[in-house]
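Q: Here's a structure for you.
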Ligand SMILES: C[S@@+](CC[C@H](N)C(=O)[O-])C[C@H]1O[C@@H](n2cnc3c(N)ncnc32)[C@H](O)[C@@H]1O
C-alpha cells in the first residue's frame, strides 16, 4: 500500500493532464475512451451481473494461481469474495469497453478470466470480433462459463489452463489485436507473456497491463516493456498501462492524470 501511495505521488509530479498533451491520437483516446460519458445499453446488464456476483455466497474450491489476487489466498473462496477483491472495477471495465469500441480490434485476448465479468465488457464492445480468455483455476473458469451463458455470449472462447501453456499450444497460430494482461502479476511472468504476445502482434495491436503499480516488480516490468523499441506509444493511467505498436511515430511515453488513475 505504501509503495502504491509513494508511486502515485511520483506519478502526479510527472503526469500530464489532457490540456498539456498535443498529439491528436492521444487527444482522441482521452476524449473517446476516457472522457466519453455515454452509457451503453449493455452496461446495465453488466452492472446487474456485478451486483449478483457480489452477493453470490457460492463457495468455490480455488487453486492458487499467480500473484493476481489482491487479498490473502484461501483455498475455499466464495464468488462474493472473488468479485470484491479480484475483478476489475466498473469504471475500469467501462474504459476497456470504450477502448475496444474505439479501435475495434478483431482478436481480443484476456489473460485472467476470473468470474468473466470483464470478459463480457470486452465481448460486448466489439460484437464482430472474437474474444479468447484464459483462466487457470477450474472452478473459477466453470463459474465464468455460467456467466457467459447467462449473458448470452456464446462467441467467447474460454480456455482453462496455464497462460503460457495455452498460448504456446492451443493458441500458437493466433494473432492478437488486443491483449488484456490481468493475471500473475510478477515481473518475470508479465515479461514472459509480453514477449510471447508481442510475436503475435501487428502495428495496430493494443496491449493493456493491469495493476502496473501493484508492486515494485510490476512497475519494473512495465518500465521494461515501455522501453522496448517495438512500442511507439505508452499511456500510463496508474491503475493500468496501455502500449501501442504504431509505426512511423516518434516514441512517446505519457503519464495521464485522470480520474481513472485510482480505479
Ligand atoms: C485479477 S484476476 C482476473 C480478473 C478479470 N480479468 C476481471 O477483470 O474480472 C486474475 C485471474 O488470473 C488467474 N491466473 C493467475 N495466474 C494464472 C496463470 N499463470 N495461468 C492461468 N490463470 C492464471 C487467476 O486464477 C485469477 O482468476
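The values are calculated or read from the model by the stated rules, or taken from the named source; none is laboratory data. Bear in mind the structure is a predicted one, so any value in this text is a computation, not a measurement. FYI the Cβ positions are ideal-geometry reconstructions off the backbone, even for glycines, and counts take in every protein chain you see.
Q: Consider residue 225 carefully, then state whether it is at pLDDT 95 or above and away from the ligand (no atom under 16 Å from the Cβ).
A: Here the answer is yes, as residue 225 does meet what is asked.
Q: Name the helices (runs of 4 or more DSSP H) wholly within the stretch 80-161 that hold at least 2 residues that are within 27 Å of residue 204 (Cβ to Cβ)?
A: So the answer is 90-103, 117-125.
Q: Can I ask one more? Here is a list of conditions, (1) within 16 Å of the ligand (Cβ to nearest atom); (2) in contact with a strand residue (DSSP E or B) (Cβ under 8 Å, 6 or more places away or on another chain); (3) free of Cβ contacts under 8 Å to residues at least 40 places away in the same chain; (4) not in a helix (DSSP H, G or I), and residue 60 meets all of them except one; can you say which number that is?
A: Against the list (1) within 16 Å of the ligand (Cβ to nearest atom); (2) in contact with a strand residue (DSSP E or B) (Cβ under 8 Å, 6 or more places away or on another chain); (3) free of Cβ contacts under 8 Å to residues at least 40 places away in the same chain; (4) not in a helix (DSSP H, G or I), residue 60 comes up short only on (3).
Q: Would you be able to say whether some residue in the stretch 210-219 is closer than 18 Å to residue 114 by Cα, more than 14 Å from the ligand (Cβ to nearest atom) and in contact with a strand residue (DSSP E or B) (Cβ under 8 Å, 6 or more places away or on another chain)?
A: Checked the stretch 210-219: no residue is closer than 18 Å to residue 114 by Cα, more than 14 Å from the ligand (Cβ to nearest atom) and in contact with a strand residue (DSSP E or B) (Cβ under 8 Å, 6 or more places away or on another chain).
Q: Which condition number does residue 206 fail, the rest of (1) surrounded by 22 or more Cβ atoms within 10 Å (Cβ to Cβ); (2) at pLDDT below 95 being met?
A: The number of the failed condition is (2).
Q: OK, next. Taking the stretch 117-140, which residues are closer than 25 Å to residue 195 by Cα and either within 11 Å of the ligand (Cβ to nearest atom) or at pLDDT 95 or above (or both)?
A: Listed by number, the residues that qualify are 118, 119, 122, 123, 130, 131, 132, 133, 134, 135, 136, 137.
Q: Could you say whether any residue in the stretch 63-72 is within 28 Å of residue 193 (Cα to Cα), more than 10 Å from the ligand (Cβ to nearest atom) and either surrounded by fewer than 14 Cβ atoms within 10 Å (Cβ to Cβ) or at pLDDT 95 or above (or both)?
A: Yes, the stretch 63-72 contains at least one residue that is within 28 Å of residue 193 (Cα to Cα), more than 10 Å from the ligand (Cβ to nearest atom) and either surrounded by fewer than 14 Cβ atoms within 10 Å (Cβ to Cβ) or at pLDDT 95 or above (or both).
Q: Within the stretch 1-54, work out how many residues are exposed (fewer than 11 other Cβ atoms within 10 Å of the Cβ) and not in a helix (DSSP H, G or I).
A: Number of matching residues: 6.
Q: Being closer than 30 Å to residue 30 by Cβ and either modelled with pLDDT under 95 or more than 12 Å from the ligand (Cβ to nearest atom) (or both): is that true of residue 76 here?
A: So residue 76 fails the test.
Q: Checking the conditions here, which among 180, 163 is touching a strand residue (DSSP E or B) at 6+ places or on another chain (Cβ under 8 Å), closer than 30 Å to residue 9 by Cβ and either buried (at least 22 other Cβ atoms within 10 Å of the Cβ) or modelled with pLDDT of 95 or more (or both)?
A: From the options 180, 163, the qualifying one is 180.
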